[in-house]
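Colleague: Attaching a single structure in structure tokens format; questions to follow.
Nothing in this text is a laboratory measurement; each read-out follows from the coordinates by a stated rule. In this text the structure is predicted, and so the values were computed from the model without any measurement. Every residue, glycine as well, gets a Cβ built from its backbone with ideal geometry; the counts of neighbours run over all protein chains shown.
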Amino acid sequence: MVETEYIISIIFAIVGLVIFLYGFKVMSKYRLINDTPRSKIRSMAMGLVELHGNVLADTCITTPFSQTDCVYYSYEIKEYRKHTSKGSDGKTTTSKSWDTISSGEKRIPFFAKDETGSVHVNPINADFNVDDKKIFLQKAGLFGMFGIIGNALKNWDSNNQSNLDIGTWGLIPVKKSNWSFNNRVGDRKYYERYIEPDANLFLLGTAANNPQASNDVFIHKGENEPTFIISDKSEKELVGSLKWKMIGSFVFGAIFFIIGVMISLSMMGIV
Amino acid sequence: MSSIGIGIIIGIVILLLLVIVVGYIISIYNSLVRLKHNIDKSWSNIDVLLKQRTDELTKLLASVKGYMEHEKGVLLQVTQARTAFLDANSVKEKAAADSSMTSALKSLFAVAENYPDLKANESFLQFQNRISAIEDQIADRREFYNDSTNTFNIRIEQIPYVFIANMLHYVKSELFKVDEADRKDVEITF
């Protein structure tokens, strides 16, 4: 048991240190965005560029739950689960939490446009900064069954076999700010983040000559400058969120680290 | 908790704060260096276009010479502007040369209106369009250069950047100022 507590304290200290150091990574990103002026597509130079504009899409993909047309999406499915564990005193304790059971993402090339022109964007390895756009709740048990049957009847279209996806019929849209208190084990939440055509676009990436087409410039993740951020937020919002992320990393990293070290020291009988 | 425990916590907190302060100073230093290089890079990016415009101008002059023999004043103005640009070294000199070039080009294109044969000349139109596109790009990059310079100039006067900037002997950079009359792009009248 003592060994387990040792391991926990070391994990706490390491995780704290990693979170703390991550704060510096966020800080450098924060500074880079702040220090890079906006370029216009018509006249952007090769190298790191910051573009503000909109998404222009030739083709689209659709999000898995809301079937929204987009050029990028990521999703996460969380399930309300019960956890049972036995403590050192032999007592059984139970806890419940929302656990991620599935996640994924998809991205396709698109164009960024501003008032001066458009440019091809290859989003491979881009760091997408997009907030949750839609959240759905799927209730477990009898209530959930009613939901599924009700939606099945509502969506029934004998001519369109493509919307026979039973898995998404019981999904109830919920607001991001809504806290649910009456959760039952087995309830599921579906989170969707995506960037639609015409959405606002903030882009920080490397402009280079397209090797597949002569006289064509594209934006991608550079070899020398690895920063490649794509977001539908404004620069101000993005910088604001990075600032809080940076402060949070320093504060929580330090707290975790101190807790880890203190547990270790108390185990050794030093404090 | 024993006094040793409290001492250790205080020690760790001070150590972490020191790490943050040192990291912050390094990030300020890196930021200022980056801003300085941004200015140099954005100036080089304008320079490339100014040179490109001068090259296009040489070809343009060759194409109009036969048609505009009686417009020696305008042609001389363009040639002088081109020479002034080639001789310019500092940002201020190049900005002045750029202004003269823009106004000389305006005059040239305005006078070209009186020569229907020239107006119909394919290669003249091509050069004119190319120069006009380069002018637009120069205007954008001038804006970008001034943005970079302005950010740098503000930053080196702000606390805490001013302390590091003084250590690095960084001074304010010149903006690329353009005469009010030359703010408009070259008009294509054909």
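Colleague: What dipole magnitude, in Debye to the nearest 20, does the protein assembly as shown give about its Cα centre under +1 on Lys/Arg Cβ and -1 on Asp/Glu Cβ?
Modeller: Values: 51 positive and 52 negative charges, 325 e Å.
That gives a dipole near 1560 debye.
Colleague: Could you tell me the relative contact order of chain A? Use alpha-carbon pairs under 8 Å, at least six residues apart, and round to a whole percent. Write out the running numbers ahead of the final one.
Modeller: Working: 515 pairs, mean separation 88.4, N = 271.
Answer for chain A is 33 percent.
Colleague: Which whole-number percentage describes the relative contact order of the range B:3-182, with Cα contacts under 8 Å and a sequence gap of 6 or more?
Modeller: Details: 120 pairs, mean separation 57.2, N = 180.
Relative contact order for the range B:3-182 comes out at 32 percent.
Colleague: Would you grab the residues whose amide H sits under 5 Å from the one on B:Ser173? Only those 5+ places off in sequence or on another chain, please, with H modelled 1.01 Å from N.
Modeller: Residues meeting the amide H criterion: B:Asn153.
Colleague: Can you tally the net charge around A:Val26? Count Lys and Arg as +1, Asp and Glu as -1, for every other residue whose Cβ sits under 9 Å from the Cβ of A:Val26.
Modeller: Numbers: positive: A:Lys25, A:Lys29, A:Lys243, A:Lys245; negative: none.
The answer is +4.
Colleague: Sticking with this structure for a sec: Using only DSSP helix segments of four residues or longer, with each worth -39500 (n - 2.57), what per-residue ellipticity at 222 nm results for chain A after dividing by its residue count and rounding to 500? Please report the intermediate quantities before stating the final value.
Modeller: Values: 3 runs with 82 residues, N = 271.
Taken over chain A, the calculation gives -11000 deg cm²/dmol.
Colleague: Testing the spin-label approximation: label points 7 Å from Cα along Cα→Cβ at A:Cys60 and B:Leu61. State their distance in nm.
Modeller: Rounded to a tenth, the inter-label distance reads 5.4 nm.
Colleague: Could you name the lysines in cross-link range of A:Lys106, using Cα to Cα under 20 Å and dropping any fewer than eight places away on the same chain?
Modeller: Those lysines meeting the cut-off are A:Lys78, A:Lys133, A:Lys134, A:Lys189, A:Lys221, A:Lys233.
Colleague: Now for a separate question. Please work out the FRET efficiency for the pair A:Glu5 and B:Ile14, using the Cβ-Cβ distance as r and a Förster radius of 25 Å; give the result to the nearest 0.05. It would help to have the intermediate numbers written out before the result.
Modeller: Working: r = 27 Å, r/R0 = 1.06.
Step by step, r from the Cβ atoms, then E = 0.40.
Colleague: Pulled fully out, how much extra length does the chain show between B:Val171 and B:Ser90, if you take 0.36 nm times their separation in residues and subtract their Cα-Cα distance?
Modeller: On the way: separation 81, 0.36 × 81 = 29.16 nm, distance 1.56 nm.
Result: 27.6 nm gained on full extension.
Colleague: Helix-derived [θ] at 222 nm for chain B: sum -39500 (n - 2.57) over DSSP H runs of at least 4, divide by residue count, nearest 500? Spell out each step's value before the answer.
Modeller: Working: 6 runs with 146 residues, N = 190.
For chain B, the value works out to -27000 deg cm²/dmol.
Colleague: Restricting to DSSP loop positions (anything but H, G, I, E, B) with no more than 11 other Cβ atoms inside 10 Å of their own Cβ, which GluC sites (Glu not before Pro) remain in the range A:179-267?
Modeller: Details: sites: A:Glu192, A:Glu223, A:Glu235, A:Glu237; in loops: A:Glu223.
For GluC sites (Glu not before Pro) across the range A:179-267 that sit outside H, G, I, E and B with at most 11 neighbouring Cβ atoms in 10 Å, the list reads A:Glu223.
Colleague: A further question follows. If you place +1 on the Cβ of every Lys and Arg, -1 on the Cβ of every Asp and Glu, and leave all else neutral, what size is the dipole of chain A about its Cα centre, to the nearest 20 Debye?
Modeller: Values: 30 positive and 28 negative charges, 170 e Å.
Here the size comes out at about 820 debye.
Colleague: Given R₀ = 45 Å, FRET efficiency for A:Gln67-A:Thr93 by Cβ-Cβ distance, to 0.05?
Modeller: Numbers: r = 42 Å, r/R0 = 0.92.
For R0 = 45 Å, the calculated efficiency reads 0.60.
Colleague: Still on this structure, I have one more. Which lysines, on any chain, are close to B:Lys177 with Cα under 22 Å apart, when same-chain ones fewer than 8 places away are left out?
Modeller: A:Lys40, B:Lys36, B:Lys41, B:Lys51, B:Lys92, B:Lys94, B:Lys106
Colleague: Right, something else. Over chain A, what is the percentage of antiparallel beta bridges among all DSSP beta bridges, to the nearest 5?
Modeller: On the way: 56 of 62 bridges.
Antiparallel: roughly 90 percent of the beta bridges in chain A.
Colleague: May I ask you to compute the full-extension gain from B:Ile6 to B:Gln158, defined as 0.36 nm times their residue separation minus their alpha-carbon distance, rounded to one decimal in nm? Kindly include the intermediate steps, with their values, before the conclusion.
Modeller: Numbers: separation 152, 0.36 × 152 = 54.72 nm, distance 3.75 nm.
Length gained between B:Ile6 and B:Gln158: 51.0 nm.
Colleague: Looking at the range A:53-117, which GluC sites (Glu not before Pro) are in a loop (DSSP not H, G, I, E or B) and have at most 10 other Cβ atoms within 10 Å?
Modeller: Working: sites: A:Glu76, A:Glu79, A:Glu105, A:Glu115; in loops: A:Glu115.
In loop regions of the range A:53-117 (DSSP not H, G, I, E or B), the sparsely surrounded GluC sites (Glu not before Pro) are A:Glu115.
Colleague: On full extension of the chain, what length is gained from A:Val251 through A:Glu225, given 0.36 nm per residue of separation minus the C-alpha to C-alpha distance? Mind dumping the intermediate values first?
Modeller: Details: separation 26, 0.36 × 26 = 9.36 nm, distance 2.85 nm.
Length gained between A:Val251 and A:Glu225: 6.5 nm.
Colleague: For chain B, set up a Gaussian network in which alpha carbons nearer than 10 Å are linked by springs, and say which option among B:Ser27, B:Ser148, B:Ser103 fluctuates the most.
Modeller: Taking springs between Cα atoms under 10 Å, the residue moving most is B:Ser27.
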